[in-house]
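Notes to accompany the following structure.
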Amino acid sequence: MQDHANHPLTDFIEYPHDEMLSRAEAFLEHSKRRHSIRAFSDRSVPQEIIETCIRAAGTAPSGANHQPWHFVAIGSKEKKQQIRAAAEELERSFYQGRAGDEWLDALKPLGTDAQKPYLEHAPWLIAIFSQKKGGIHAEDKNTNYYVHESVGIATGFLIQALHNAGLATLTHTPKPMSFLTELCGRDKDNERPYMLLIAGYPSDEATVPEHATVKKSLEEIATFI
Ligand code: IYR
């Protein structure tokens, strides 16, 4: 018994097996060319590109389709400077010991440190917020479900959308991230900062740490039973 409206599925595309495989392989090759980078050019990127990628992120599946996310795209020089200053202050105490030895050891092969010039120089920072309450309409105040999972999926969509558009990204999670709530003018009672994404063109100095190129094999990441 159905007590809800449905649309027929009209936009599913079925591909012949060979085409399916070549599409899957092409996506794999495309995905292999995505690298987190830490040296961004200050070349500008039109807002329209970021808007379109955020729309793609907004198509992600979510608990009860409540879409419990909000993306703040920061292009303002002044805001970026404020974010850099706040993040670097946190990172200094993180790298000076707050992280603990094990975490700092794990980061050594990435060569990261407390300096985050790209937070100021990259054209766009995208602060992603998760929402405790919401609903299918932005003004709803119902419980959201599987918030972390939903926002994680949408963030993955956004990273792929930006990569597909021809931009490089870096996921960044200064700890704690609560300073972003105020800097972005978000509601601290309902929203939590989930991640900060840096997006732009790589600079000539951009590198990929050897450590980041080591990917587990299919056998290590998957089991077929
Ligand atoms: N937020 C710090 C530390 C850091 C943590 C992890 I886990 C990384 O994969 C990379 C960095 C920083 O951005 O330097």
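The values are calculated or read from the model by the stated rules, or taken from the named source; none is laboratory data. Predicted model only: the values in this text are computed from it and were never measured. Cβ placement follows ideal geometry from the backbone for every residue including glycine, while neighbour counts extend to all protein chains displayed. Note: areas computed on protein heavy atoms with side chains; ligands, DNA, RNA excluded. Shrake-Rupley method; radii C 1.70, N 1.55, O 1.52, S 1.80 Å.
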- What do you reckon, is Asn144 surrounded by fewer than 22 Cβ atoms within 10 Å (Cβ to Cβ) and either on the phi > 0 side of the Ramachandran plot or among the polar types (S, T, N, Q) (or both)? no
- Item | Neighbours by Cβ (under 9 Å, 6+ apart or cross-chain): first from the range 128-139, surrounded by fewer than 16 Cβ atoms within 10 Å (Cβ to Cβ); second of a type in the set (D, E, K, R) | Lys132/Asp189; Lys132/Glu191; Lys132/Arg192
- Message: I need every pair where a residue in the range 106-123 that is among the basic types (Lys, Arg) has its Cβ under 9 Å from the Cβ of a residue that is exposed (fewer than 13 other Cβ atoms within 10 Å of the Cβ), sequence separation at least 6 or different chains.
- Response: Lys108/His211
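Yes/no matrix, rows are residues, columns are (1) within 26 Å of Ser203 (Cα to Cα); (2) within 16 Å of the ligand (Cβ to nearest atom):
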{"site": "Arg38", "(1), (2)": "yes, yes"}
{"site": "Thr59", "(1), (2)": "no, no"}
{"site": "Gln67", "(1), (2)": "no, no"}
{"site": "Ser76", "(1), (2)": "yes, no"}
- Note on the structure: Per the filter on the range 100-112, residues more than 20 Å from the chain's Cα centre (by Cα) and either within 7 Å of the ligand (Cβ to nearest atom) or assigned to a helix (DSSP H, G or I) (or both) are Asp101, Glu102, Trp103, Leu104, Asp105, Ala106, Lys108, Pro109
- Task: Looking only at the range 88-99, decide whether some residue is under 20 Å from Thr169 (Cβ atoms) and open to solvent by less than 50 Å² (accessible area, probe 1.4 Å).
- Result: yes
- Message: Tell me the residue from Thr207, Thr155, Thr173, Thr169 that is closer than 24 Å to Ala85 by Cβ and touching a residue at least 24 places away in the same chain (Cβ under 8 Å), please.
- Response: Thr169
